[in-house]
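Data block below; observations after.
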Amino acid sequence: MSRKKIRINFTGLSIRSTFDPNNNPILDILNKYYDVEVCDNPDFVICGVLYPGGYWSNGVYNKYILDYPCVRIMIEGENFVPDYNLVDYSICPYPIEYFDRNFYLPCGVEALTTGISYLPELQKKQRDYSETLLKEKEYFASFIESHDSECNERSTFFNKLNARKRVESAGSYLNNMEDNYKVNWLDGSKIAFQKKCKFSICIEPLKHDGWIAERIVDGFFADTIPIYYGSSNVTDIFNPNAFINLNDYPDFDTAIEKILEIDNSDELYLEMLRQPIFNNPKYPEELMANMEKYLCHIFDQTPEEAFRRARIYSPKKHEEFLQRSIERAKNMDIEGIPYRPYSGKTDKDIAINYFKSLPKRVIKKLLGFKCREK
């Protein structure tokens, strides 16, 4: 029996430049069920947010998502809440209940975009650690971030804990490593470094209930005890006896006392490290299976049946307004000279410095008129 043919494309995903539209995890899933054609005139577009390249400046895109009038499926691992005036469906780490328009995928969106996710591997983890593991732990704790969190929880907690016992900060933010050494998530050096530590600090960039990123997964995968701060529903997924949940403590100082107590007792440390990771042992397997069913639910429909967003009245005007904004942004690239911020104490200074950088022919074109003779 022949399989259904679907026409798709990708644009604006929040991923790195390694993404190949013709060879990626999303395509691998769809190829299991459909005859897939990746083309420039698709019936379904798998997209990120509105902006070109998604969140990352070197992301993959050919067009803005608004250039695709077809069914739009947003797949996003960052803290973007889907705009259902613009997209029909979403797979994201927010537990949005809106008929069949969203699939909640915490800790796992990276598996679809970068192909890197340690969540499925955690299901296979053997947690019967022996005391010999302690000999592999060179450091107390790791802190690997590129920026502070929204309300400064990262910097506050790091500084408090580091004042009591040294924390290895091997990211670009608050780096305290010799020769400014940094690790990277994509090349595996982050996990390799975490394996040398007893604890992994896993503080989300913002505290949004339901939004759980990959940090706690990385901490478990590296055979450490995660120190987590973020979503209140994290214990719906992860066994609360297997990690330090900063949300459970009245303040960071109280949590730090508990962390140091566990660090000073091999018995307490191994007891926590040996705990099952998930409340449901088959959580990763069931999550990914349900996500595949969700995708099939979308693509089993005809393109017209699959539309969910309103395409008339106010939502249409909303999209038209954004489209006009995009066209204005495109026009900021004047004769191949991209707009970029210039320095100056006032807006006038910034504008003058920008115009000084432009060729005279471009300035004349912008002004659109000749100065009158006196």
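Any read-out appearing in this document is the output of simple, stated calculations on the displayed coordinates, not a laboratory observation. In this text, all values refer to a predicted model and were calculated from it rather than measured experimentally. Neighbour counts are summed over all protein chains in view; Cβ atoms, including those assigned to glycine, are modelled from backbone coordinates with ideal geometry.
If neighbour count is taken as other Cβ atoms inside 10 Å, put 211, 185 in order from fewest to most.
Numbers: 211 21, 185 16.
Lowest to highest Cβ neighbour count: 185, 211.
Each of 288, 74, 272 has some number of other Cβ atoms within 10 Å of its Cβ, and from fewest to most they run 272, 288, 74. Sequence-ordered 3J(HN,Hα) estimates for the stretch 298-304 from the Karplus curve with 6.51, -1.76 and 1.60 and θ = phi - 60° stand at 5, 7, 6, 7, 6, x, 5 Hz, glycine and proline given as x.
Quickly rank 81-91, 97-107 as a protection proxy: mean count of other C-beta atoms within 10 Å, highest first. Intermediate results must be reported in sequence, preceding the final value.
Working: 81-91: 20.0, 97-107: 17.1.
By packing density, highest mean first, the sequence is 81-91, 97-107.
So what's the gap between the Cα centers of the stretch 157-212 and the stretch 231-301, to the nearest angstrom? With the stretch 157-212 and the stretch 231-301 each reduced to a Cα centre, they are spaced 18 Å.
Count the lysine pairs in the stretch 124-280 that are 8 or more places apart or on different chains: how many have C-alpha atoms under 16 angstrom apart? Lysine pairs meeting the criterion: 18.
Taking other Cβ within 10 Å of each residue's Cβ, how do 154, 166 sort, fewest first? Walk me through the numbers on the way to the answer.
Details: 154 22, 166 12.
Taking fewest neighbouring Cβ atoms as first place, the list is 166, 154.
Assigning unit charges at the beta carbon (Lys, Arg +1; Asp, Glu -1) and nothing else, what dipole magnitude in debye, to the nearest 20, does the stretch 124-280 show about its Cα centre? The calculation lands at about 320 debye.
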